[in-house]
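Computed from the coordinates by the stated procedures, all read-outs in this text should not be read as laboratory data. Since the model is a prediction, treat every value here as computed from it, not as a measurement. Reconstructed Cβ throughout: ideal geometry from the backbone, glycine too, with neighbour counts over all protein chains shown.
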Amino acid sequence: MTKLDQRIEEALEAEDRAMMEQLGEQGILRQFGGLFQGKMAWITVVTVAAGLVLSIIGLYAAWKFATADDTNTMLRWAGIAWFGLSAQMLIKLWSWMRMETNRILREVKRLELQMARLLEKMPSSAQ
């Protein structure tokens, strides 16, 4: 926690502190679980299933590549392994980007909530 974070936390009231603890930083597993919620949850299910299938295909092709006898067969299996494992990595990158987007949106919503509370506390003539 930085000094700025500490100063912000000290300035918060008890109610705000409780809210901040509830909406605070999430661990990696909780962030990944958050991908399975909301309007795009079905896409996450599809991509996780596709990633699993592509991983199995890539690993099988890598094994077949290692046990192949001739060069042409090795090249075919190497291409399939490369495609399967590369596509699986792209799916993981997409998931990580969605997790980061969700984290940023959560922070923006926290700021909106804090601003709304500040506006409630301001005198009506200042608004």
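In a simple Cβ point-charge model (Lys, Arg +1; Asp, Glu -1; nothing else charged), segment 48-103 has a dipole of about 260 debye relative to its Cα centre. Simple rule: put +1 on each Lys or Arg Cβ and -1 on each Asp or Glu Cβ in segment 39-110, find the dipole, and look at M99, V53, A81; the Cα lying farthest toward the positive end is M99. A simple spin-label model places the labels of Q6 and N72 7.1 nm from each other, with each point 7 Å out along Cα-to-Cβ.
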